[in-house]
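Trainee: Can you keep this structure in mind? I'll have questions shortly.
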Amino acid sequence: WHYQMSPHDTHDWDTVQSPVLLDARVDGKPRKLVSVAARNGYFFTVDRVTGEHIVTTRYGSHTNWASGLNAKGAPTPAPEKEAIVPGALVSPAAGATTNWQPPAYSPDTGLFYTQEDNAFNMLYLTDPDPRGSMGLGGKMRVEVGSGGKFLTAINPVTGKVVWRRPYPNPSGGGGIGFLATAGGLLFGGDGSGNFVAYDASAGKPLWHTRIGTISNAPQTYQFDGKQHVLIATGDMLWAFALY
């Protein structure tokens with residue numbers, strides 16, 4: 001089976017997000033699901049055995065490129081958000097609502113965690129002759145601002161955003177992926193050089209350390225009976241022990 005998240009893409013998406021496999025109850029019945037927070041600002045959950053559509057919701061606060069959903073739960077592009085001569089204001093921007101950064105899922109909280117970037121592009125049509133504006137030609141995009149960047153927690157069964165935690169520097173980089181642990185913690189960066197442990201239920205920061213620009217998603221391992229969390233900045237690895 002296959003599930004198409006959008007009939008076609010018009011905003012130059014060039015990477016695929018990491019899906020999350022999870023088991024949950026839908027309408028009181030146990031289901032094997034797969035969820036993804038897509039670059040285009042929409043969140044999808046389908047049955048990973050049958051491909052049946054479960055839910056589609058918009059998780060990008062300012063995502064506006066689609067006019068709605070079709071009968072299969074895929075977003076329908078809005079014609080007025082295509083490139084035009086005076087410019088069309090479109091969110092997300094070319095960097096997408098989320099990018100390569102892996103999300104996380106906690107079976108204890110039942111929440112899916114992802115970054116959310118609400119940047120805007122102006123899309124200009126620079127060649128109104130359709131012979132010159134085919135494909136990627138005849139168009140120009142200019143990033144013009146942001147509606148904020150967040151660590152966002154989503155209920156994957158309903159698709160509803162449960163909470164958003166704003167990054168301290170909206171103009172800084174986004175998150176670098178997340179790690180949820182059985183101890184009720186969620187580890188990730190905040191886009192400003194800080195490595196943070198959040199309360200996985202409510203998103204409240206519990207601990208942080210400033211180590212610089214983080215370049216990978218956190219990982220965890222056990223050594224000598226202690227749990228460690230590993231993170232990288234550039235060419236340096238940092239290991240923190242949990243006591």
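The values are calculated or read from the model by the stated rules, or taken from the named source; none is laboratory data. What you are looking at is a predicted structure, and each value in this text was computed from that prediction instead of being measured. Note that we place each Cβ from the backbone using ideal geometry, even for glycine, and neighbour counts take in every protein chain shown. Areas reflect the complete protein model, heavy atoms only, side chains present, ligands, DNA and RNA absent. Shrake-Rupley method; radii C 1.70, N 1.55, O 1.52, S 1.80 Å.
Rundown of residues vs (1) surrounded by 12 or more Cβ atoms within 10 Å (Cβ to Cβ); (2) of a type outside the set (Gly, Ala, Ser); (3) modelled with pLDDT of 95 or more, yes/no style:
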position: Ile211; (1), (2), (3): yes, yes, no
position: Ser215; (1), (2), (3): yes, no, no
position: Asp224; (1), (2), (3): no, yes, no
position: Thr233; (1), (2), (3): yes, yes, no
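Trainee: Let me ask you something else. Only residues in region 136-156 that are within 29 Å of Ala24 (Cβ to Cβ) and open to solvent by 30 Å² or more (accessible area, probe 1.4 Å) count as the first member; pair them with residues that are assigned to a strand (DSSP E or B) and of a type in the set (Gly, Ala, Ser), Cβ under 8 angstrom, at least 6 apart or cross-chain, and list the lot.
Mentor: none
Trainee: Surrounded by fewer than 16 Cβ atoms within 10 Å (Cβ to Cβ), touching a residue at least 60 places away in the same chain (Cβ under 8 Å) and of a type in the set (Val, Ile, Thr), is that true of Thr76?
Mentor: Yes: the conditions hold for Thr76.
Trainee: Separate question: Restricting region 95-112 to residues that are more than 13 Å from the chain's Cα centre (by Cα) and open to solvent by less than 30 Å² (accessible area, probe 1.4 Å), which is farthest from Tyr59 (Cα to Cα)?
Mentor: Per the stated criteria, the residue is Ser106.
Trainee: Based on this model, can you work out whether Leu111 counts as of a type in the set (A, V, I, L, M), farther than 18 Å from Pro156 by Cα and in contact (Cβ under 8 Å) with a residue 12 or more places away in the chain?
Mentor: Here the answer is no, as Leu111 does not meet what is asked.
One line per residue, one yes/no per condition, for (1) more than 12 Å from Asn40 (Cβ to Cβ); (2) at pLDDT below 95; (3) not in a strand (DSSP E or B):
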| residue | (1), (2), (3) |
| --- | --- |
| Thr63 | no, no, yes |
| Lys72 | yes, yes, yes |
| Thr97 | no, yes, yes |
| Gln101 | yes, yes, yes |
| Tyr105 | yes, no, no |
| Phe112 | yes, no, no |
| Gln115 | yes, yes, no |
| Leu123 | yes, yes, no |
| Pro128 | yes, yes, yes |
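Trainee: Next up: Can you tell me which condition Val36 does not meet? The list is (1) β-branched (Val, Ile, Thr); (2) buried (at least 21 other Cβ atoms within 10 Å of the Cβ); (3) free of Cβ contacts under 8 Å to residues at least 24 places away in the same chain, and all the others hold.
Mentor: Condition (3) is where Val36 drops out.
Trainee: Just wondering, is there one or more residues in region 176-192 that are among the polar types (S, T, N, Q), surrounded by 17 or more Cβ atoms within 10 Å (Cβ to Cβ) and within 23 Å of Ala24 (Cβ to Cβ)?
Mentor: Yes, because at least one residue in region 176-192 is among the polar types (S, T, N, Q), surrounded by 17 or more Cβ atoms within 10 Å (Cβ to Cβ) and within 23 Å of Ala24 (Cβ to Cβ).
Trainee: Only residues that are more than 24 Å from Asn216 (Cα to Cα) and either surrounded by 16 or more Cβ atoms within 10 Å (Cβ to Cβ) or among the charged types (D, E, K, R) (or both): list them for region 113-130, please.
Mentor: Phe120, Asn121, Met122, Leu123, Tyr124, Leu125, Asp127, Asp129
Trainee: A follow-up question, please. Out of all the residues in region 76-86, is one or more under 23 Å from Ser201 (Cβ atoms) and at pLDDT below 95?
Mentor: No, region 76-86 has no match at all.
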